[in-house]
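Down below is the structure, laid out as structure tokens.
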Amino acid sequence: MEKTQKYISQHNSRFLEELMNLLRIPSISADPKYKENVMDCAVALKEGFDKMGLDKTEVITTNGHPIVYGEKIVDINLPTILIYGHYDVQPADPLDLWHSDPFDPQIKKTEIHPEGAIFARGACDDKGQMFMHVKAIESMIMEKELSCNVKLMIEGEEEIGSENLGFFVQENKEKLKADIILVSDTGMLANDVPSITTGLRGLSYVEIEVTGPNRDLHSGLYGGCVANPINILNKMIASLQDENNQITIPGFYDKVLVLSSEERNEMAKAPFSEQKYCAALDIDAVVGEKEYSTMERGSIRPSLDVNGIWGGYIGEGAKTVIPSKANAKISMRLVPNQDPDEITELFKTHFESIAPKGVSVEVKPHHGAHPSVTPIDSIGYKAASMAYEKTFAKKPIPVRSGGSIPIVAMFEKELGLKTILMGFGLDSDAIHSPNEHYGVFNFKKGIQTIPYFFKYFRELNTK
Ligand code: BES
Ligand code: MN
Ligand code: MN
């Protein structure tokens with residue numbers, strides 16, 4: 001791997017420039033206005049694949065945004081690694097909270113990133129992390145040190161639920177045949193505390209509409225006489241959690257896998273400072289389910305949150321009105337063995353059942369995701385652990401994460417493959433938020449670490 005590592009050091013500034021070029025393309029999957037930009041980004045990626053010598057490169061169109069594919073089969077007897085990532089990004093709003101243009105990447109130093117960080121939408125989630133694989137593979141190809149076969153599949157719809165990729169995977173099992181899946185789209189504990197993500201939460205997402213009177217009413221003439229949809233919606237939402245911050249939907253916890261006290265003790269060994277956590281968010285206390293730590297609340301326990309709520313008059317000054325409608329979007333993060341469709345159904349049944357007289361309630365389901373876990377006694381985990389140990393000079397800690405990557409459970413179901421989540425982002429990188437950034441250190445460290453995964457995965461497989 002020495003030649004590869006040398007190549008990485010020599011070409012790192014070009015790698016950064018190429019990443020910045022990708023970050024300049026606003027590939028926002030959620031907003032149809034950006035459809036062409038999403039395509040441009042796919043094409044740019046594919047051109048890069050061609051340049052570095054990948055075979056069978058393709059921009060695969062779907063009913064949504066395209067998938068970019070490329071592969072390098074060095075020897076059919078060697079293990080094959082399937083790399084997954086996404087080139088689509090979240091919308092950048094609220095724009096006025098960005099200190100620089102979200103699609104004009106700038107490198108700035110921060111306290112946590114003294115070597116500088118790239119500020120742009122998608123810098124960490126996931127263009128920066130996905131691109132580490134592209135450049136690690138380029139380096140291995142150029143130096144003839146590619147030790148496993150590799151297939152790269154980079155999609156453009158992760159941030160909107162990966163539905164079309166799901167169909168593609170179902171229909172292309174032979175093409176995607178591999179021994180392991182490798183993804184960098186998660187985080188680690190700190191730049192000097194490497195960790196590997198061993199689990200992701202699932203997701204159930206619903207949109208609610210509460211309808212009262214057939215038109216907005218004068219709040220003086222009708223106030224006190226009819227149900228106000230906003231008042232009702234708030235009461236209904238408030239009732240979804242009890243005084244211990246447990247979710248009150250009947251059956252919600254039935255399938256939740258309870259961790260042994262041994263496993264919980266093991267988890268508690270990961271370094272965590274509640275004080276630093278609060279300070280980073282400017283809050284004076286953490287809040288969550290009774291009897292669980294903050295780390296547990298955000299990973300092995302499910303949660304329910306309102307993501308948005310609207311209705312009535314929110315313009316300048318006061319308008320005395322009882323609105324006809326009130327709406328909310330709610331996400332539920334799920335853990336093994338909860339099923340997103342079942343949870344959505346439980347939510348719908350319960351929420352409709354608690355609607356009082358005087359209003360009608362409609363619950364519309366959105367995309368979902370199944371939770372997933374990766375065992376730490378597998379060859380894939382061991383290879384990743386050895387790779388981190390090589391480049392960080394520290395054994396990484398296994399950590400379960402609270403986020404979701406919908407395709408991971410699908411890979412397991414359809415391809416029978418586990419995913420190794422080698423994430424190099426930090427919680428403070430502000431993914432999905434204004435001023436998203438990714439450390440220059442993290443970008444380089446990722447490119448350096450990935451080739452060792454290839455090396456150790458091959459070695460452990462031939463033992
Ligand atoms: N990369 C994130 C998920 C993530 C981030 C997992 C950090 C673990 C640590 C991914 O792009 C994401 O945002 N996923 C969505 C999924 C949804 C749109 C179906 C999420 O978690 O909200
Ligand atoms: Mn992501
Ligand atoms: Mn994301």
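The values are calculated or read from the model by the stated rules, or taken from the named source; none is laboratory data. These figures come from a predicted structure and were not determined experimentally. Every residue, glycine among them, receives a Cβ derived from its backbone with ideal geometry; neighbour counts consider all protein chains shown. Ligands, DNA and RNA are excluded from the accessible area calculation, which covers all protein heavy atoms including side chains. Shrake-Rupley method; radii C 1.70, N 1.55, O 1.52, S 1.80 Å.
Structure above, values below:
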quantity	calculated
Estimated FRET transfer efficiency (residue 307, residue 173; beta-carbon r; R0 41 Å; 0.05)	0.75
Virtual spin-label span in nm between residue 40 and residue 21, 7 Å along Cα→Cβ	1.4 nm
Burial ranking of peptide ranges 301-309, 188-196, 213-221, 429-437 (average Cβ count within 10 Å, highest at the top)	429-437, 188-196, 301-309, 213-221
Only Lys, Arg (+1) and Asp, Glu (-1) charged, at Cβ; the stretch 1-120 dipole about Cα centre in debye	300 debye
Relative packing of peptides 389-402, 84-97 - highest average C-beta neighbours within 10 Å first	84-97, 389-402
Debye-sum result for the stretch 87-236 in log10 I(q)/I(0), which assumes one identical scatterer on each alpha carbon, at q = 0.11, 0.13, 0.22 Å⁻¹	-0.73, -0.89, -1.51
Filter on 3/463; 35/135; 108/455; 72/127; 127/290 - keep pairs with C-alpha separation over 30 Å	108/455; 127/290
Only Lys, Arg (+1) and Asp, Glu (-1) charged, at Cβ; the stretch 218-296 dipole about Cα centre in debye	300 debye
Pair residue 341, residue 394: separation of 7 Å Cα→Cβ label points (nm)	4.3 nm
Anchor residue 329: lysines whose Cα lies under 19 Å away (excluding residues fewer than 8 positions away in-chain)	235, 348, 364
Residue 55-residue 284 FRET efficiency (beta carbon distance; Förster radius 45 Å; 0.05 resolution)	0.20
Spacing of the two label points (7 Å from each Cα toward its C-beta) at residue 13 and residue 441, in nm	2.1 nm
Gained length - residue 316 relative to residue 362, 0.36 nm times residue gap less alpha-carbon distance	13.6 nm
Rule-of-thumb Rg ratio for the chain [Cα; 2.2 N^0.38 Å; N residues]	1.04
Sulfur and carbon atoms: percent of accessible area, the stretch 372-458 [1.4 Å]	54 percent
Cα lying deepest toward the dipole's positive end in the chain, options 281, 107, 160, charges on Cβ	107
By average C-beta atoms within 10 angstrom, highest first, the peptides 453-459, 271-277	453-459, 271-277
